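Taken together, the values in this text are just the output of simple stated rules run on the coordinates, not laboratory data. Nothing here was measured: the structure is a model prediction, and the numbers come from that model. Every residue, glycine as well, gets a Cβ built from its backbone with ideal geometry; the counts of neighbours run over all protein chains shown.
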Amino acid sequence: MSMRNMRRGVPSLFKQGTSHLSGIDEAVLRNLAACKDLEELLRTSFGPQGMNKMIINHLGKMFVTSDTATILSELEIQHAAAKMVVMAGQMQEQEVGDGSNFVIVFAGELLRMAEDLIHQGLKPQDIIAGYTTAAKKAQEFATELILASTTQEDLFKEDAVARAVRSAVASKQFGYEDLLSKLVAQAAIAVMPKNTFNFNVDNVRVAKLMGGDIHTSHVVRGMVFPFPTLPSAITSVKDARVAVFTCAIDAADTETKGTALLNNAKELMEFNRGEEVEIEALIAEVKASGVNVIVTGGSVSDIAAHFMEKHGIVCMRLGSKFELRRLCRAIGARPLVSLGAVSAENQGFCSHVYVKEVGLTKLTIFEQDDANTASVATIVLRAQTFNMLNDVERAIDDGVNTVKAMGRERGGHFLAGAGAFEVELYKRMSDYAATVSGLQQYSINKFAEALLVIPRTLAENAGQNATETVAALIEAHEKGQRAMGVNIEAAPGESTIMDAAAAGVLDLHAVRSSALRLVMDAVATILRVDQIIQCKAAGGPKLPGNKQHWDEED
C-alpha cells in the first residue's frame with residue numbers, strides 16, 4: 001500500500017482536497033490568462049476618453065468611475081496571479097498617486113507577449129532575463145527623454161503648477177482639466193511648505209456640496225465644515241481667537257455617583273443655581289482669556305450654550321477627532337482636555353470664522369487671509385450628482401499627488417504624454433534589441449512591442465482606427481518627431497496625431513519610472529511560478545445558495 005502511494009507522486013503529500021497544478025500548461029499559462037483577463041477588463045477605462053465602470057460592492061454601495069485605483073479597491077479578485085498585478089497597481093497609487101491603470105495594462109501586455117514567447121519555445125527564465133535587461137535600459141532611456149523640468153521655485157507659481165497637473169486631472173475629468181488644475185494649484189500653493197519635500201496631501205481637503213455647477217467650485221484658505229455652529233445670533237467673527245476642547249462643555253461630573261435629598265422647591269432651585277454659577281464661571285474664564293470661538297469634540301449642554309451666547313462666544317461641535325486635529329493644524333491651536341482659562345500659546349488664530357449658506361447647506365468656514373499662512377486649504381466642489389462629485393474628487397486627488405511627487409523631487413521632470421513617450425521608447429528599445437545577441441533579443445523585442453499598447457488603447461478608446469494611428473506615430477518618430485502623440489480630439493478627416501509637448505500634454509517622469517519598476521517586479525514574480533498548490537478551504541461543506549424559485553421554508 002505504501003509503495004502504491006509513493007507512485008502517486010506529489011499529490012500524496014498533501015491533505016485530501018488540495019489542488020495541485022504544475023508545468024507550463026497548467027501553472028504558467030493559466031496565470032498569464034488570468035492577468036490578461038484583468039488587463040482587458042480595465043483597458044477600456046484607460047485615458048481621458050476611457051469608459052466608466054459601474055461597480056456595486058459587497059455592501060451595496062455603487063461606484064461609477066474610470067479610476068483604476070477605486071475599481072481595484074472595490075473588486076474582490078480571487079486569482080492569486082491577478083492579485084499580484086492588482087497589488088502592483090495599488091502600490092503605484094500609494095507611492096505616486098497616479099498611473100495605476102498604466103501598470104495594469106502594461107503588465108497584462110507584457111504577460112501576453114510572454115505567452116507568445118513560451119509557445120515559440122522560450123523558457124520563462126529566458127523571458128525574465130530579457131525583460132529585466134529591457135526594463136533597466138528603459139529606465140535609462142526614460143531619463144534621456146525628459147522634455148521639460150520645473151524648479152522648486154515653480155512650485156509656488158500657480159501657472160506652473162496648473163500646467164504640471166493638467167494631464168493627470170484630464171485623464172480622469174476630460175473637459176474640466178483647466179478649471180480643476182487651477183483649483184488644485186491654488187490649494188496646493190496655499191499649504192506649500194518652504195521645504196517642498198514635506199508637502200502633505202492631507203492638507204488639501206475637499207468639501208462636496210450637491211447642487212450648482214462645477215464652475216462655481218472655489219478654494220478656501222482654511223477649513224470648511226458642512227454643518228453650522230450651534231444656534232447663535234453671531235454668524236461672523238473677524239480675527240477670531242479659537243479655543244479647542246476635547247471635553248464636553250458642561251459642568252464637571254464627579255467620579256462617584258451620589259444622591260441629593262431635596263425637601264422643597266427652594267432647595268431644588270438653589271441646587272440648579274449652583275450648577276449654573278459654576279458653568280458661567282468657567283465660560284467667563286474662557287472669555288477673559290480673549291477667546292471668542294470655542295470648538296469642542298464633546299457634547300454641549302443647553303446651559304453652557306446659553307452662557308456662551310450671553311458672553312458673545314461662538315461654539316461649534318466636531319464629532320470627528322481627525323477633523324479636530326486638522327482644525328488645530330489649520331489655526332495653530334492646541335486641544336485642551338478641561339474647560340477653563342486658555343493661555344495665549346494654546347489659542348488658535350483665524351482671520352475670519354463665519355457661517356455661510358450654499359444651496360441648501362449651511363457651512364461653517366474657518367478662513368485665513370493672505371497675510372496669514374494657511375496650513376490647510378479646502379476645495380469646495382459643486383456638482384449635480386454624488387457620482388460626479390466623487391469622480392471629480394478622485395481627479396483632484398490625482399492632481400494633488402502629482403504636486404507631492406514634484407515636491408519630493410524639489411521640482412519635477414516631464415515626458416511627452418498622449419502615448420508619445422511610449423512610442424519613442426518602443427523605437428529606441430527596438431534599436432537596442434538589434435544590438436543584443438542570444439535569446440534575450442526576442443524578449444527585448446516583445447518588451448518594445450508591449451509599449452505600443454498605450455497609444456493603441458488611447459486611440460481605441462477615442463474611437464479611432466488604432467492600427468492607422470500607431471503606424472502614423474511610428475512613422476513620425478522615425479523622422480525624429482519624438483513628441484508626437486495621439487490626438488484624442490481629432491475630428492473626422494483630421495490628423496489623429498499631434499505634438500503632445502506643444503499641446504501641454506505631459507506625464508510626470510516619476511510616475512512612469514515607478515510604474516516600469518513595479519510592472520517588472522510583478523511580471524517577473526508571475527513568470528517564476530511553476531506550480532500552484534491550493535489547500536482545501538477551512539470549514540465544513542458549504543450550504544447551497546438560495547435559488548430564485550425557493551421559498552422561505554426551503
Rounded tilt (10° steps) of 124-144 against the dominant C-alpha axis of the chain: 60 degrees
With a cut-off of 8 Å between alpha carbons and a minimum separation of six or more residues, what is the relative contact order of the chain in percent? 25 percent
Within the set of other residues whose C-beta is less than 12 Å from the C-beta of GLU449, count the net charge using Lys and Arg as +1 and Asp and Glu as -1. +1
Computed, not fitted: 222 nm per-residue ellipticity of the chain from DSSP H runs ≥ 4 (each -39500 (n - 2.57)), nearest 500, equal to -14500 deg cm²/dmol
Between ARG205 and residues 5 or more places away or on another chain, the pairs with built amide H atoms under 5 Å apart involve ALA377, THR378, ILE379
Residues ILE283, ILE146, sorted so that the one with the fewest Cβ neighbours within 10 Å comes first: ILE146, ILE283
Match the structure shown to one of the listed values (i) 44.1; (ii) 40.4; (iii) 23.7 of mean projected area of the Cα convex hull in nm², computed from it, and give that label. (ii)
Estimated dipole of the chain in Debye, rounded to 20 [Cβ of Lys and Arg +1, of Asp and Glu -1, Cα centre]: 1240 debye
Could you let me know the centre-to-centre spacing of the range 445-510 and the range 382-412, using Cα atoms, in angstrom? 25 Å
So in the range 235-373, what percent of DSSP beta bridges are antiparallel if you round to the nearest 5? 55 percent
For each of SER437, SER73, SER514, count neighbouring Cβ atoms within 10 Å of the residue's Cβ, then give the residues from fewest to most. SER437, SER73, SER514
Name the GluC sites (Glu not before Pro) in the range 72-105 that are in a loop by DSSP and that have at most 11 other C-beta atoms within 10 Å, would you? GLU76
Give, as a single signed number, the net charge of other residues whose beta carbon lies under 15 Å from the beta carbon of GLY480, with Lys and Arg counted +1 and Asp and Glu -1. -2
Among ARG456, ARG408, ARG273, which comes first, second and so on when ranked by fewest other beta-carbon atoms within 10 Å? ARG273, ARG408, ARG456
Applied in sequence order to the range 492-501, the curve 6.51 cos²θ - 1.76 cosθ + 1.60 (Karplus, θ = phi - 60°) yields integer Hz couplings, x standing for Gly and Pro, of x, x, 8, 5, 8, 10, 8, 7, 5, 5
In the range 383-431, which GluC sites (Glu not before Pro) fall in coil by DSSP and have 15 or fewer other Cβ atoms within 10 Å? none
Per-residue HN-Hα couplings for the range 178-193 [Karplus 6.51, -1.76, 1.60; θ = phi - 60°; Hz; x = Gly/Pro]: 5, 5, 5, 5, 5, 4, 4, 4, 4, 5, 5, 5, 4, 10, 5, x
Note, ALA433: beta-carbon cut-off 13 Å, +1 each Lys/Arg, -1 each Asp/Glu, net +2
Give the residue list of trypsin sites (Lys or Arg not before Pro) in the range 34-98 that are DSSP loop and have at most 12 other beta-carbon atoms within 10 angstrom. LYS61
Under 5 Å from the placed amide H of MET484, counting only residues 5+ away or on other chains, we find ALA500
Tell me, what HN-Hα J-couplings in whole Hz come from the Karplus equation 6.51 cos²θ - 1.76 cosθ + 1.60 at θ = phi - 60° for each residue of the range 345-352, using x for Gly and Pro? 6, 8, 7, x, 10, 9, 4, 8
Using DSSP, restrict attention to beta bridges with both residues in the chain and report what percent are antiparallel, rounded to the nearest 5. 70 percent
